[in-house]
1. Assess whether Gln146 counts as being among the polar types (S, T, N, Q), within 36 Å of the chain's Cα centre (by Cα) and either on the phi > 0 side of the Ramachandran plot or not in a strand (DSSP E or B) (or both).
2. So, Phe291, is that one in contact with a Leu (Cβ under 9 Å, 6 or more places away or on another chain) and among the aromatic types (Phe, Trp, Tyr) or not?
3. At pLDDT below 75, closer than 23 Å to Lys365 by Cβ and among the small types (Gly, Ala, Ser): does that describe Ser320?
4. Free of Cβ contacts under 8 Å to residues at least 40 places away in the same chain, open to solvent by less than 50 Å² (accessible area, probe 1.4 Å) and touching a strand residue (DSSP E or B) at 6+ places or on another chain (Cβ under 7 Å), is that true of Leu374?
5. With the requirement that a residue be of a type in the set (A, V, I, L, M), at pLDDT below 85 and part of a strand (DSSP E or B), what does the stretch 237-283 give you?
6. For a quick check of your reading of the model, give me the residue pairs whose first member lies in the stretch 228-251 and is in contact (Cβ under 8 Å) with a residue 60 or more places away in the chain, whose second is open to solvent by 50 Å² or more (accessible area, probe 1.4 Å), with beta-carbon atoms closer than 7 Å and at least 6 apart or on different chains.
7. Restricting attention to the stretch 34-77, and to residues there that are of a type in the set (A, V, I, L, M) and free of Cβ contacts under 8 Å to residues at least 24 places away in the same chain, which single residue is farthest from Lys22 (Cα to Cα)?
8. Going by what's in this entry, would Glu257 be described as closer than 27 Å to Phe291 by Cα, charged (D, E, K, R) and touching a Lys or Arg at 6+ places or on another chain (Cβ under 9 Å)?
Amino acid sequence: TGTAAKHFGLHTDMDRGDGRTKYMLEGEGVGSVFVIDGNTGNIHVTKALDREEKDEYRLTATATDRETGRALEPSSEFIIRVQDINDNPPIFPDEPYVAVVPEMANIGTSITRVTATDADDPTYGNSARLVYGILQGQDLFSVDPQTGILRTAVPDMDRETQDEYLVVLQAKDMGGHLGGLTGTTTVTVKLSDVNDNPPHFRRSAWSFSVSELAAPGVEVGRLTATDPDLGENAQLEFTILDAEEADIFNVTGRAREAVILLDYEMCNSYTFSVEVANPVVDPRFIRKGPFKDQATVRVMILNADEPPRFSQAVYHLDVSENCPPICAVGRVHAVDPDTGQSSNIRYSIDPQSDPEALFRIASDKGFISAVVELDREQEQWHNISVIATQRGMTDRAAVGPLERRGDTDSYFTQWRANGGFFCKNLNISVHFPPFSCLPSRQPKSCVKGCGCHRDTGPE
């Protein structure tokens, strides 16, 4: 780049110095950038020239006779080239930069490459020869001075401690020497997650309680675990380690919680271990493991006042047909499951199941009696519901159908229990000589919700 008032001259041998020679100039920039002294042939530059705007000018000079206007010699063409000086600093056209590198990456791991440009002439001197360096972040990163490749300089950058860094890079021309111009850019380096942290329970011991009446599948409690990693690296799997308790409790993982579910209970407390683990482990960080943790869980089964339970699943009772009132049919028996005692149990017959009041039951002992003579020819089936009551809680037994069967004069009574709610069908049969078929009749008065069924008794 030149400066204003610089000049150079043209001269022809035909100029005798008598003032008859006139110099003229034509071409790029004549009048605005270049002017010529018509008497001397000196060419003046009127303003600073910027090589980066225009690096050369093509001009034509002519010397003529002032009186005749004829050219004293053929016109001359020449080129004015603008010589470069270092007047442009480096720039980073793609800034700002954002790059990602895994945490705990090895020293020298490539992160990204920055590129600066310099508008000065790369073929002339060192004005456009660039060297890269770090102004901020040099304790953690390095940059190749020639290529601009940014690399890690330490092996233990931990995302959980700091997940983002701002690095300031510089490009300096003149080969990095004193007096060179500089340009800067920033690189935001983000650390991506790797599985370098094992999970941990928030507590090493947990205590829960649940009622002994809790239904299977009820939630007992929740365990929480932490893992500072992200995404797949933070996935958790929960496992009950004790085989016996694993049959009693289920554990399901929800986010970072383990939900303990009761399957069934047989004793008043359970103590077992639960493990949390990462299903995906990075072998590079096995040394930081194990990638699992354990906690102790104690579950107390709280005593609840349970309803009475009948003692047998099946009862067989015999009575003779036409037995005169009061005729003993049989006995049912229930106990208080909390104490194992039966002294506090009271029995009754649901009047809706025995509207004709054919039967009665001893409220304290459970003995069932027929208060009328039972005649098979009049009615083949009878269904009654027996209610066992204890301190405001009840259980029912459905006493069921009377039918003809066999060759003896006897009644057969059968009681069945279904789950915790007892539906017992009392089948009373008058035994006469065999016949080909029995009438099919659905019992009418079995307690709603029980699985009532017709049962003809044992063969």
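1. Details: among the polar types (S, T, N, Q): yes; within 36 Å of the chain's Cα centre (by Cα): no; either on the phi > 0 side of the Ramachandran plot or not in a strand (DSSP E or B) (or both): yes.
It is false that Gln146 is among the polar types (S, T, N, Q), within 36 Å of the chain's Cα centre (by Cα) and either on the phi > 0 side of the Ramachandran plot or not in a strand (DSSP E or B) (or both).
2. Numbers: in contact with a Leu (Cβ under 9 Å, 6 or more places away or on another chain): no; among the aromatic types (Phe, Trp, Tyr): yes.
Considered against the rule, which asks whether it is in contact with a Leu (Cβ under 9 Å, 6 or more places away or on another chain) and among the aromatic types (Phe, Trp, Tyr), Phe291 comes out as no.
3. Details: at pLDDT below 75: yes; closer than 23 Å to Lys365 by Cβ: yes; among the small types (Gly, Ala, Ser): yes.
When the stated conditions are applied, Ser320 passes them.
4. Details: free of Cβ contacts under 8 Å to residues at least 40 places away in the same chain: no; open to solvent by less than 50 Å² (accessible area, probe 1.4 Å): yes; touching a strand residue (DSSP E or B) at 6+ places or on another chain (Cβ under 7 Å): yes.
Answer is no for this residue.
5. From the stretch 237-283, those of a type in the set (A, V, I, L, M) are 240-241, 243, 246, 248, 251, 255, 258-262, 266, 274, 276-277, 280-281; that's our starting set.
Retained after the next criterion (residues that are at pLDDT below 85): 255, 258-262, 266.
Across the stretch 237-283, the qualifying residues are Ala258, Val259, Ile260, Leu261, Leu262.
6. Pro228/Glu160
7. Keep residues of the stretch 34-77 that are of a type in the set (A, V, I, L, M), which gives 35-36, 43, 45, 48-49, 59, 61, 63, 71-72.
Those still in the list that are free of Cβ contacts under 8 Å to residues at least 24 places away in the same chain too: 35, 71.
Numbers: Val35: 14, Ala71: 9 Å.
Only one residue tops the list, namely Val35.
8. Values: closer than 27 Å to Phe291 by Cα: yes; charged (D, E, K, R): yes; touching a Lys or Arg at 6+ places or on another chain (Cβ under 9 Å): yes.
So Glu257 passes the test.
The values are calculated or read from the model by the stated rules, or taken from the named source; none is laboratory data. Predicted model, so just to flag it, every value in this text is computed and none were measured. Please note: Cβ atoms are built from the backbone with ideal geometry, for glycine as well, and neighbour counts cover all protein chains shown. Surface accessibility is based on the protein's heavy atoms, side chains included, excluding ligands, DNA and RNA. Shrake-Rupley method; radii C 1.70, N 1.55, O 1.52, S 1.80 Å.
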